[in-house]
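The values are calculated or read from the model by the stated rules, or taken from the named source; none is laboratory data. All figures in this text were calculated on a predicted structure; none of them were measured in a lab. Cβ sites come from the backbone with ideal geometry, for glycine too, and all protein chains shown count toward neighbours.
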Amino acid sequence: MGVNIRTLSIIVILIALFAIAACSSSPIFDSTPSPVPSPAAEDLSATVEISSESGTVPSDTESLPIAPVFSVSTIDGENIRLEDLLGVTPVYLLFVPTTTDDLDISQIRLIQSQISEFDDLGAEVVVVVSDQPTRVIEMRDQLVLDFPLIADPLNVVASDWQVFDLDNDGMASPASFVFDAHGALIARLIATEPGNRPTVAEVLSVIKESLSSGAA
């Protein structure tokens, strides 16, 4: 009888050890929510989102580097080095998908109509157009544009800035990035819908505020 009790005790101990081992190897569920990082820049809309067929998902631009620099030629042959502009002057970097869409043309035309206000603030406007150089040149001539235009037919720059193919449509999304004179990203908007774009007045206001507050 003593042997049976001893055997039973050993069995109980082994079962307990197996139970402890199983618990220690199980993943621990942490119900504590992860902190949400604060945006690095003021969004020109309520939230920066990317629309998709399945709904709306947060933009990956939170993980965007401060400034994916580029060195490319404009349609006029001028070499634009973004790193040479950032930290020197306020910069408004704009991405437009086409040279033919009415919304794209209207946005660019409005910028041109107020380009003197950007000049007065010492701000540089750079527009990246996801179209062939010949078409960008035609648009430049038709609208009589006075700011640098970069043709990005293969969406190389748009991909670097994470604004390409967000809706799985093979196109760049309309997007605005505003930097102060120290090179800090102070505002951005990636359109959730084609018409969801900042007005020129909003962009100018952000730049003026950065200048008046001493941020630039």
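A few points about this structure:
- Filtered residue count, the stretch 78-103, keeping only those that are closer than 14 Å to residue 173 by Cα, crowded, with 23+ Cβ neighbours inside 10 Å and of a type outside the set (A, V, I, L, M): 3
- Count of the stretch 108-118 residues which are more than 16 Å from residue 94 (Cα to Cα) and surrounded by fewer than 14 Cβ atoms within 10 Å (Cβ to Cβ): 1
- Top-ranked residue of the stretch 198-212 - restricted to ones that are over 19 Å from the mean Cα position of the chain (by Cα) and of a type in the set (Ser, Thr, Tyr), ranked as surrounded by the most Cβ atoms within 10 Å (Cβ to Cβ): 210
- Any hit, the stretch 102-111, residues being part of a loop (DSSP other than H, G, I, E, B), in contact (Cβ under 8 Å) with a residue 40 or more places away in the chain and touching a Gly at 6+ places or on another chain (Cβ under 9 Å): no
- Some residue of the stretch 145-164 being closer than 23 Å to residue 72 by Cβ, acidic (Asp, Glu), in contact with a Pro (Cβ under 9 Å, 6 or more places away or on another chain) and crowded, with 22+ Cβ neighbours inside 10 Å: no
- Here the strands (runs of 3 or more DSSP E) wholly within the stretch 129-216 that include at least 3 residues being under 19 Å from residue 86 (Cα atoms) are 175-179, 185-190.
- Residue check for residue 83: assigned to a helix (DSSP H, G or I), modelled with pLDDT under 95 and within 30 Å of residue 214 (Cα to Cα): yes
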